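A.B. asks: What follows is a structure written as structure tokens; I'll ask about it next.
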């Protein structure tokens, strides 16, 4: 594979990884919003590993050993966050 082709596939893999992260984030947010307020957690954290493939794809890695990227997403309840801000 030429250097140019490798660069293109690498860029494509990263673009696909970012798309996957956005899609996963949206699913989590949608699920939280659908949960009745009294059952919603004040904080949600999701961690997963991504593997960037040579054919320009990004997939969730089966194990910690085969990952290229470790992604951690965190959501905090806005009201809880604002309660902890210093007044000023």
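A.B. asks: Report the residue count in region 19-51 for those that are assigned to a helix (DSSP H, G or I), surrounded by 13 or more Cβ atoms within 10 Å (Cβ to Cβ) and within 12 Å of the chain's Cα centre (by Cα).
C.D. replies: Number of matching residues: 6.
A.B. asks: Same structure again: Give region 52-78 a look and list any residue that's under 12 Å from residue 20 (Cβ atoms) and part of a strand (DSSP E or B), or say none.
C.D. replies: Answer for region 52-78, where residues must be under 12 Å from residue 20 (Cβ atoms) and part of a strand (DSSP E or B): 52, 58, 59, 60, 69, 71, 73.
Read-outs: derived from the displayed coordinates by stated rules, not from any lab. Just so it is clear, the model here is predicted, and its values are computed rather than measured. Note: ideal-geometry Cβ built from the backbone for every residue, glycine included; neighbour counts use all protein chains shown.
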